[in-house]
Amino acid sequence: MIIIYNSIMYVCLCSAVTTNQIIKCVRAGCKDLDAVTKQLGVGLNCGSCIYMISDLIANTESHDLSRPTDPDDYEPNES
Ligand code: FES
């Protein structure tokens, strides 16, 4: 299953880590779950975030971080 995350959301609630933090971590060189865990401290408590983090790692290239993720930066299309 491929899930596309186009907005910021918390993935690891225990460590307060968001989708964008994980995507940026992967793009900076953390290519597997162990590397992301060591870098961001995700998945070390309850572990319920592991599946979503693994999916994010596997599909990082499909995520567009150039889109506004802060609601204050969002400008709707005028059409
Ligand atoms: S939500 Fe990530 S360890 Fe609990």
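Here are the numbers for this structure:
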quantity: Residues of the stretch 21-46 satisfying the condition of being at pLDDT below 95 and assigned to a loop (DSSP other than H, G, I, E, B); calculated: 28, 29, 30, 31, 32
quantity: Count of the stretch 7-20 residues which are out of contact with any strand residue (DSSP E or B) (no Cβ under 9 Å at 6 or more places or on another chain) and in a helix (DSSP H, G or I); calculated: 1
quantity: Members of the stretch 17-51 that are near the ligand (Cβ under 9 Å from one of its atoms) and of a type outside the set (Val, Ile, Thr); calculated: 41, 43, 44, 45, 46, 47, 48, 49
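The values are calculated or read from the model by the stated rules, or taken from the named source; none is laboratory data. These figures come from a predicted structure and were not determined experimentally. Cβ sites come from the backbone with ideal geometry, for glycine too, and all protein chains shown count toward neighbours.
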